[in-house]
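**Student:** Got a structure here, written out as structure tokens. Questions coming.
The values are calculated or read from the model by the stated rules, or taken from the named source; none is laboratory data. Small disclaimer: the values here were computed from a predicted structure and weren't measured. Here Cβ is always computed from backbone atoms with ideal geometry, including for glycine, and neighbour counts include all displayed protein chains. Surface accessibility is based on the protein's heavy atoms, side chains included, excluding ligands, DNA and RNA. Shrake-Rupley method; radii C 1.70, N 1.55, O 1.52, S 1.80 Å.
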Amino acid sequence: MFKLLRKPGSKSPPAPEESQTTFRARPEVRGSQGAASAPVSGSPASGAPVSTAPATRAGRPEPIAVRHTVPMRARPEVLYRLALVPTRRAAWDSNMAESAWADSTQTLKNGARARFRLVRRLGGLKFEAEYGGLKTSRSGGWRSVRGMGPLEEFSQEWTFKPVPGQPVTEVTLTLRGQVRFGWVRAQVERMMQNMLLSTLLDMQREVDAPTASRIDEMNQELRRQEEARRKAEKAARKGNRNRR
């Protein structure tokens, strides 16, 4: 899915140089209204993950940013280590084939590095990432240190917000990516949306299997409803053409 092919007959302009920026746990996103909060008593916010950026920027593809929030019945410190310690990640995340420390530090701190390899359906891409914005049990993430496949840069950011008076934590995951070429942007954005939702569902299964099963059933029902809607619209368009 991640094989980078140049579109026949076209040439993509070289990407302009960018200055190095400081990685933050929760940077502002152009056009974003913030993460959608999910109801703490049941399932994640309905609909697709929030995508927060316009398609182009001065002739260069705009960075992709997708975000989703779900409630989980676990303490923030448990979820923090589950999400961010690389030696634990591949054990529960179906998107990760391998995850390990990349340096001798092997301590979760800003500047530490980890190695990841995505599963085959995501191209089996390998990359190294550097941690930043870590606030114990509250937030943190990592950013790739070099390009991978069609992406110049890829990052994940997590936030963990305890719900007062309940054994529940609101978990927000944000994925960001900068594609090399505009014509591959839509494909990569769909991949990132699927990756985001499946990662959150895998985490939910790890800490609260009964709730995860209910969420899975709800998502399947939403997909069935969406497919029925598309078929109805297609039939209506066909009927209109036949009447002309």
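**Student:** Please verify whether E227 is more than 26 Å from A74 (Cα to Cα) and without any contact (Cβ under 8 Å) to a residue 24 or more places away in the chain, treating the condition exactly as stated.
**Tutor:** yes
Rundown of residues vs (1) touching a Lys or Arg at 6+ places or on another chain (Cβ under 8 Å); (2) open to solvent by less than 10 Å² (accessible area, probe 1.4 Å); (3) assigned to a strand (DSSP E or B); (4) not β-branched (V, I, T), yes/no style:
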site	(1), (2), (3), (4)
E157	yes, yes, yes, yes
P164	no, no, no, yes
E170	yes, no, yes, yes
R185	no, no, no, yes
V188	no, yes, no, no
Q193	no, no, no, yes
L197	no, no, no, yes
L200	no, yes, no, yes
M203	no, yes, no, yes
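**Student:** Go through segment 100-143 and give me each residue that's within 19 Å of the chain's Cα centre (by Cα) and among the hydroxyl-bearing types (S, T, Y).
**Tutor:** Y131, S139
**Student:** Also, quick follow-up: Condition test on G133, is it surrounded by 20 or more Cβ atoms within 10 Å (Cβ to Cβ) and more than 14 Å from H68 (Cβ to Cβ)?
**Tutor:** For G133, the condition - surrounded by 20 or more Cβ atoms within 10 Å (Cβ to Cβ) and more than 14 Å from H68 (Cβ to Cβ) - is met.
**Student:** Every residue in segment 88-121 that is of a type in the set (S, T, Y) and at pLDDT 95 or above, please.
**Tutor:** The answer is S94, S99.
**Student:** Consider P167 against the criteria (1) closer than 30 Å to R81 by Cα; (2) of a type outside the set (A, V, I, L, M); (3) within 21 Å of the chain's Cα centre (by Cα): it satisfies all of them except one. Which criterion is unmet?
**Tutor:** (3)
**Student:** Then there is this: In segment 83-121, which residues are free of Cβ contacts under 8 Å to residues at least 60 places away in the same chain and polar (S, T, N, Q)?
**Tutor:** T87, S99, S104, T105, Q106, T107, N110
**Student:** While we're on this one: Looking only at segment 196-228, filter to residues that are more than 20 Å from P71 (Cβ to Cβ) and within 26 Å of the chain's Cα centre (by Cα); which one of those is modelled with the lowest pLDDT?
**Tutor:** Selected residue: R223.
**Student:** Can I ask one more? Looking at (1) closer than 27 Å to P71 by Cα; (2) aliphatic (A, V, I, L, M); (3) buried (at least 17 other Cβ atoms within 10 Å of the Cβ), find the lone condition where M148 falls short.
**Tutor:** (1)
**Student:** When both residues are 6+ apart or on different chains and their Cβ atoms are under 6 Å apart, which pairs have a first residue that lies in segment 65-82 and is more than 17 Å from R205 (Cβ to Cβ), and a second that is open to solvent by 20 Å² or more (accessible area, probe 1.4 Å) and in a helix (DSSP H, G or I)?
**Tutor:** Close Cβ pairs (under 6 Å, with a partner that is open to solvent by 20 Å² or more (accessible area, probe 1.4 Å) and in a helix (DSSP H, G or I)) amount to V66/Q193.
**Student:** Next up: Counting only residues that are surrounded by fewer than 17 Cβ atoms within 10 Å (Cβ to Cβ) and either of a type in the set (D, E, K, R) or closer than 12 Å to F116 by Cβ (or both), how many does segment 80-94 have?
**Tutor:** Within segment 80-94, residues that are surrounded by fewer than 17 Cβ atoms within 10 Å (Cβ to Cβ) and either of a type in the set (D, E, K, R) or closer than 12 Å to F116 by Cβ (or both) number 3.
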